[in-house]
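Asker: Quick one: the structure is below, and I'll ask about it shortly.
Please treat every number below as a calculation from the coordinates, not as lab data. Keep in mind it's a predicted model, so treat the numbers as computed, not measured. Methodologically, a virtual Cβ is constructed for each residue, glycine included, from the backbone with ideal geometry; neighbour enumeration extends over all protein chains shown.
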Amino acid sequence: MSKLTLFPADHISNQLGQLVIPTHTKEAFDSYFLRGYAPGGFIGSILTNNLYGAVTSADLANRHAIYEIVKWLTTDPIVPIHSWGTKEHVSNWLDDVGGIRTKFVEKMEKEYIWETLKG
């Protein structure tokens, strides 16, 4: 199976036009949402609504993309609302409390397979 991602090209163009989020940032979000990897300082700050932390820990590419990243996170219906917003939400997501991340990944995999079969 191809790599499951929250950023397939057609999904992004349909949702927000040409999104200018750095590739390494997209990969880090995929690692967090789909595999439960703890995010680094910048993404951790974005996920917990820590503006100061996000701005001070962003690399140059992410400084220019903060608006697009936050817009994606807050408007894309694919992003589970209970996976970000507070430190508790992020901790629960990482720990897969109640299987919340597992259920999300299973749903994403089913949708991916269905879209692939439809062609």
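Asker: Along the positive direction of the dipole of segment 61-119 (beta-carbon charges: Lys, Arg +1; Asp, Glu -1; about the Cα centre), which of I66, V105, V79 reaches farthest?
Answerer: I66
Asker: Further question on the same structure: Given Cα pairs under 8 Å that are at least 6 residues apart, what percent is the relative contact order of segment 9-118?
Answerer: Dividing the mean separation by the residue count of segment 9-118 yields 26 percent.
Asker: Turning to a different aspect of this structure: Rank the residues Y112, Y32, Y37, Y52 as a footprinting-exposure proxy: fewest other Cβ atoms within 10 Å of their Cβ go first.
Answerer: Y52, Y37, Y112, Y32
Asker: Take H89, H24 and order them by how many other Cβ atoms sit within 10 Å, fewest up front.
Answerer: Ascending number of Cβ neighbours within 10 Å: H24, H89.
Asker: If you don't mind, there's one more thing I want to ask. So which lysines can K71 reach, going by Cα to Cα under 28 Å and dropping same-chain residues fewer than 8 places off?
Answerer: Correct list for K71: K3, K26, K87, K103, K107, K110.
Asker: Mind running the shape call on segment 9-118? Use the C-alpha gyration tensor, a ≥ b ≥ c as the square roots of the eigenvalues: rounded below 1.5 for a/c, prolate if a/b tops b/c, oblate otherwise.
Answerer: Values: a/c = 2.09, a/b = 1.19, b/c = 1.76.
Taking the square roots of the gyration eigenvalues as a ≥ b ≥ c, segment 9-118 is oblate.
Asker: Using the 10 angstrom Cβ neighbour count as an exposure proxy, how do L117, L47 rank, fewest first?
Answerer: Starting with the residue having the fewest Cβ neighbours, the order is L117, L47.
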